[in-house]
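The structure appears below as structure tokens.
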Amino acid sequence: MCGIVGFAGVRQAAPILLEGLKRLEYRGYDSAGLAVQSDGKIVVSKARGRLSALCKLTHDGADIDGTVGIGHTRWATHGEPSYINSHPHMSHDGAVCVVHNGIIENYLALRAFLEAQGYEFVSDTDTEIISQLLAYCYEGDPVEAVKRARGYLEGSYALGILFRDRPEAIYAVSKDNPLIVGLGEGENYMASDVTAILKHTRRVFRLNEGEMAVITKDCVSVTDEYGMGVDKTVTEVTWDADAAEKGGYEHFMIKEILEQPEVIQKTANPRIVDGRIDMGLKRITREDLRGVDNICIVACGSAYHVGCVAKPILKRLCRLPVSVELASEFKYADPLVDARTLVIVISQSGETIDTYHALKEAAARGARIVSVVNVVGSTIAAASEDVIYTWAGPEIAVATTKAYSAQLIVLYMLAMYIGRIRETATREQERELIAELNALPAAVARALNDKEGVQYLASLYYSSKDVFFIGRNIDYALALEGSLKLKEISYIHSEAYAAGELKHGTISLVEQGTLVIALCTYAPLKDKLVSNIKEVKSRGANVIALANEGDEDIAQVADHVIYIPRWGQTTMPSLAIIPLQLFAYYVASLKGCDVDKPRNLAKSVTVE
Ligand code: G6P
């Protein structure tokens, strides 16, 4: 949610900031802006709309002179996307300038307080409060001013701050919102996301809550909330910078879809040790896992859908009650978790604030916590007892595909790992799963080979107004994800239904020409699905069915069938999801939608 980048060096800052913002545009794209220290004043330039508008306005940064600056790309929370509301925000006296990710919860009270002191506000944002508050607290020492201002702020924030009187420095602080500092030679950086600065440096560290960094070209100093110096451990980022490039593809989304065979291999292989599955847990012991009496999965969006797929698998292999909770609801629902609950937290970014809050709530109730995270060193990873990383690499398209697939792999393996420890899963089942996992990348590649077939179906139906996805058991969990993919990037209204529930209401919405996508890959309930297809067909629906190779009878009832390789029951979802991702992608492309940056959405959701 919003992206921040900062640079202090000897090179011109504006082009470097714009380039960093390009990498962050997937985090927010309502508007963008820069602030650069230039000849004794802070020069701000901002534009509504995509980053390209700001690039045009500033001639790719050439119009702004100065070597220290901050930049921001916005996803609106307080106030509509507009020039006035876009960041950076300057204090009324021009002394302090701020870029902000997060939400200040007490901003109305602070605004009233500052207005009473004669401060005038021009925007509707919570961020402008911060710059004005800093000006109010400033008495010549920026570090003191930041410290004092923090005492007033409630909510979450990652801040990049410029003080006009200190043209050489950027001040950075964060609370419940990620900020990374990057170290270069004679220049240093800050960013909300490592991809923004990867081109310039791989040496980074993360600011922890309460810490403040003062970043100049020659030096980065970090202090804790008491003003004591902190010695940070520098991490070397191993991500390939090219992995965050489109590499000739039209969109990141299709590139990421096609990367899935490799991602599956990278995620599974290191966890197969001497023919056994080992999840490499460091703190949660085998004994702990034997003592667990229920499992609770918490996550948001597609990660929640991974939980829905995993639930029956965990139940089958671990013989434990499993619940899947939306992280945004969890904290406020008096959750029934305690020291005998294993909470599995799933998050690509590791920054989703709802998921993080759910984690904290579960931890406060004594639950054991293992998270499944893609971004190394992220907030959720750092706050978990144990972390299992999905090795999906940087995912840039807002609609997740490869991270979803990597999460599925981890969940299958974790289910087997726990099942084996608890002796509810057999050695034979473990062998079968390993064999499936070893063969899966090639099978996924085969499913991807049929992309033209899916593209053809997309060309028939891309102007649909409503689409219903139906399935039973695991197919229903997959339908949830297929439907989300389609609606988020193509803006077509779509819903997922448990096929058996159709007749309890939704079938009344089916009329001549309504598109129904029927998932029939879950073999035990295939015949039931055939009946459901007949029900919607007889009401005029057009049906695309997703079926296992060899299930020729489906072709008798559906208008079109997408066949996927016949496969083992546990890892089948990894194949079945492929055509659904491709369908959403091609429909959105044919409609001319901005596939990688769908309207109103952001990749990393760091507001509640
Ligand atoms: C956003 C993204 C989704 C993602 C969800 C949860 O809505 O657009 O793709 O599934 O957040 O994000 P997380 O990073 O926690 O997996």
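The values are calculated or read from the model by the stated rules, or taken from the named source; none is laboratory data. Computed from a prediction, not measured in an experiment: that's the story for all the values here. All Cβ positions, even for glycine, are placed from backbone atoms using ideal geometry, and neighbour counts span all protein chains on display.
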Worksheet item: Any idea which residue in segment 419-430 is nearest to the ligand (Cβ to nearest atom), counting only those that are in contact with a Lys or Arg (Cβ under 9 Å, 6 or more places away or on another chain) and in a helix (DSSP H, G or I)?
Response: GLY419
Item to complete: For segment 96-112, state whether one or more residues are farther than 26 Å from VAL214 by Cα, buried (at least 16 other Cβ atoms within 10 Å of the Cβ), over 31 Å from the mean Cα position of the chain (by Cα) and at pLDDT 90 or above.
Response: yes
Worksheet item: Any residue in segment 564-575 that is closer than 30 Å to GLU432 by Cα, more than 29 Å from the chain's Cα centre (by Cα) and among the hydroxyl-bearing types (Ser, Thr, Tyr)?
Response: no
Worksheet item: Got a number for residues in segment 300-312 being more than 6 Å from the ligand (Cβ to nearest atom) and surrounded by fewer than 24 Cβ atoms within 10 Å (Cβ to Cβ)?
Response: 4
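Please go through segment 110-144 and give me each residue that is within 25 Å of THR73 (Cα to Cα), among the aliphatic types (A, V, I, L, M) and in a helix (DSSP H, G or I), ordered by number.
Across segment 110-144, the qualifying residues are LEU110, ILE129, ILE130, LEU133, LEU134, ALA135.
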Discussion item. Looking at the structure I just gave you, is ILE297 within 16 Å of the ligand (Cβ to nearest atom) and more than 18 Å from VAL372 (Cβ to Cβ)?
Written reply: no
Response to the item:
If we ask which residues in segment 356-378 are among the β-branched types (Val, Ile, Thr) and either at pLDDT below 95 or over 13 Å from the mean Cα position of the chain (by Cα) (or both), their number turns out to be 4
Worksheet item: Which members of segment 64-82 meet the condition of being of a type in the set (Ser, Thr, Tyr) and under 23 Å from ARG23 (Cβ atoms)?
Response: THR67, THR73, THR77
Worksheet item: Looking at this structure, is TYR189 free of Cβ contacts under 8 Å to residues at least 40 places away in the same chain and out of contact with any Asp or Glu (no Cβ under 7 Å at 6 or more places or on another chain)?
Response: no
Worksheet item: Would a scan of segment 119-131 turn up a residue that is out of contact with any Gly (no Cβ under 7 Å at 6 or more places or on another chain), at pLDDT 95 or above and not hydrophobic (A, V, I, L, M, F, W, C)?
Response: yes
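Among the listed residues THR67, THR77, which satisfies the condition of being farther than 27 Å from ASP165 by Cβ and either touching a His at 6+ places or on another chain (Cβ under 6 Å) or among the β-branched types (Val, Ile, Thr) (or both)? Can you show your working first?
Details: THR67 fails: farther than 27 Å from ASP165 by Cβ.
THR77 is the lone residue from the list that is farther than 27 Å from ASP165 by Cβ and either touching a His at 6+ places or on another chain (Cβ under 6 Å) or among the β-branched types (Val, Ile, Thr) (or both).
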Worksheet entry | Residue satisfying all of: in segment 545-557; not in a loop (DSSP other than H, G, I, E, B) and not β-branched (Val, Ile, Thr); surrounded by the most Cβ atoms within 10 Å (Cβ to Cβ) among these | LEU546
Practice prompt. Those residues that are closer than 17 Å to ALA576 by Cα and of a type in the set (S, T, N, Q), I need them from segment 548-562; list them, please.
Written response: ASN548
Discussion item. Tell me which strands (runs of 3 or more DSSP E) are completely within segment 192-283 and hold 1 or more residues being surrounded by 14 or more Cβ atoms within 10 Å (Cβ to Cβ) and of a type in the set (D, E, K, R), or say none if there are none.
Written reply: 203-206
Worksheet entry | In segment 313-331, residue farthest from the ligand (Cβ to nearest atom) [restricted to those that are over 23 Å from ALA403 (Cα atoms) and not in a helix (DSSP H, G or I)] | ARG319
Discussion item. Please pick out the residue among ALA477, ALA415, ALA435, ALA447 that is farther than 13 Å from ALA584 by Cβ and within 16 Å of the ligand (Cβ to nearest atom).
Written reply: ALA477
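Can GLY568 be described as closer than 26 Å to ASN449 by Cβ and part of a loop (DSSP other than H, G, I, E, B)? If you could, list the steps in order and put the result at the bottom.
On the way: closer than 26 Å to ASN449 by Cβ: yes; part of a loop (DSSP other than H, G, I, E, B): yes.
The answer is yes for GLY568.
How many residues are within 16 Å of GLU25 (Cβ to Cβ) and not in a helix (DSSP H, G or I) if we restrict to segment 55-69? Give the derivation first.
Initially, segment 55-69 is screened for residues within 16 Å of GLU25 (Cβ to Cβ), giving 55-58, 60-61.
Now drop any that are not not in a helix (DSSP H, G or I), which leaves 58, 60-61.
So the count comes out to 3.
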